[in-house]
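The structure appears below as structure tokens.
The values are calculated or read from the model by the stated rules, or taken from the named source; none is laboratory data. Owing to the predicted nature of the structure, the values given are computational and were not obtained by experimental measurement. Cβ sites come from the backbone with ideal geometry, for glycine too, and all protein chains shown count toward neighbours.
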Amino acid sequence: WAIHAPYVAAINQLKKERNAVILAHNYMTPQIYLGIADFVGDSLQLAVKATEVEADVIVQCGVHFMAETSKILNPAKTVLIPDMDAGCSLAESITPAGVAEMRRRYPGAPVVTYVNTSADVKAVSDICCTSSNAAQIVAALEADTVIMTPDQYLAQNVAKQVPHKRIVWWEGSCIVHEQYTAQDLREFREWNPGTRIIAHPECPPDVVAEADFSGSTKGIIDYVHAEKPEKAMLVTECSMASNIAGELPTVDFVGPCNMCPYMKKITLEKVLHSLHNMTGAVEVDPAIAADARVAVQRMIDMSR
Ligand code: 13P
Ligand code: SF4
């Protein structure tokens with residue numbers, strides 16, 4: 001921490017000068033999560049928070065689609081992302097042409113698009129979802145067939161929760177969560193009996209089936225707080241366990257984790273640079289933003 005202290009102090013001072021707030025995803029490093037964030041959360045919490053920000057500037061410590069979502073929901077604000085290359089394998093897997101192709105294949109079926117997508121994909125979708133509300137949203141739609149884009153595994157996990165619907169999906173995946181296998185989890189459990197295994201729903205369904213609980217990053221944090229297991233394996237991005245270990249001293253976080261190279265592009269140095277120079281402003285074409293806002297706002301309204 002000592003080497004980070006000057007950055008943390010400088011950023012916290014600059015936040016006041018620029019009238020800025022930092023919205024940080026649960027996958028940020030502890031230096032960001034604990035040192036400079038004004039608000040931390042999962043994708044849904046960050047989107048809702050973006051609608052409430054009154055400060056002039058939002059610094060999005062997360063990936064590009066999260067900054068775009070903040071800009072879509074609160075367009076009068078300056079939204080900065082400290083590294084424009086903080087992408088996402090899911091967001092990169094689909095374009096509006098992909099959505100059009102799915103609509104051609106399944107005429108009349110509504111398109112439920114994961115927030116892990118670019119604004120132009122959201123703009124051609126009927127409604128968005130996150131991992132915390134996907135099943136609830138799909139279940140509430142009237143249609144019997146529902147198109148889910150772009151995460152095939154989230155869609156397959158939702159299909160198990162909403163068995164009375166036919167769910168079809170785009171074949172995107174998260175490079176962090178697709179690496180886990182059910183065999184890994186079984187072997188880990190065998191060698192470490194008593195470990196509570198908690199998986200993110202971007203993992204393949206056989207991995208989720210092997211886990212004791214599955215939920216969004218907020219869902220995972222809430223579960224560990226409520227249950228306080230002696231040993232917990234978080235089948236998700238590495239920073240999650242580091243960020244919450246301090247507030248859960250009786251829980252031993254064990255097992256392997258995977259790093260998201262996109263999330264890890266956001267560093268204290270880049271946050272300082274971006275806030276100091278006011279660089280990395282995210283812009284969304286107003287017509288695209290207007291259409292994307294409808295899909296994101298529908299999701300927020302249905303999640304209340
Ligand atoms: P949530 O925080 O919404 O669970 O999403 C995880 C994720 O991978 C975001 O990129
Ligand atoms: Fe995208 Fe996966 Fe990284 Fe989340 S963890 S930003 S879904 S690549």
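Quick notes on this structure:
Residue by residue, here is whether (1) assigned to a helix (DSSP H, G or I); (2) hydroxyl-bearing (Ser, Thr, Tyr); (3) in contact (Cβ under 8 Å) with a residue 60 or more places away in the chain; (4) over 25 Å from residue 34 (Cβ atoms) holds:
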| residue | (1), (2), (3), (4) |
| --- | --- |
| 255 | no, no, yes, no |
| 260 | no, no, yes, no |
| 272 | yes, no, yes, no |
| 276 | yes, no, yes, no |
| 283 | no, no, yes, yes |
| 289 | yes, no, yes, yes |
| 296 | yes, no, yes, yes |
| 300 | yes, no, yes, yes |
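- Yes/no for residue 30 being under 24 Å from residue 127 (Cβ atoms) and either at pLDDT 95 or above or within 12 Å of ligand 1 (Cβ to nearest atom) (or both): no
- Qualifying position, being assigned to a helix (DSSP H, G or I) and buried (at least 19 other Cβ atoms within 10 Å of the Cβ), among 240, 233: 240
- Which listed residue is surrounded by fewer than 18 Cβ atoms within 10 Å (Cβ to Cβ) and either at pLDDT 95 or above or closer than 22 Å to residue 126 by Cβ (or both), from 210, 202, 190, 178: 190
- Which numbered condition residue 107 misses (of (1) surrounded by 19 or more Cβ atoms within 10 Å (Cβ to Cβ); (2) of a type outside the set (A, V, I, L, M, F, W, C); (3) in a loop (DSSP other than H, G, I, E, B)): (1)
- Residue match in the stretch 203-220 (condition: closer than 22 Å to residue 296 by Cβ and in a loop (DSSP other than H, G, I, E, B)): yes
- Taken together, the residues in the stretch 143-192 that are over 28 Å from residue 261 (Cβ atoms) and in the same structural domain as residue 99 (by TED's automatic domain parsing) amount to 15.
- Every residue from the stretch 68-103 that is outside any loop (DSSP other than H, G, I, E, B) and closer than 10 Å to residue 150 by Cβ: 89, 90, 91, 92, 98, 99, 102
- Qualifying positions in the stretch 17-58 - more than 16 Å from ligand 2 (Cβ to nearest atom), in a helix (DSSP H, G or I) and without any contact (Cβ under 8 Å) to a residue 40 or more places away in the chain: 17, 49, 50, 52
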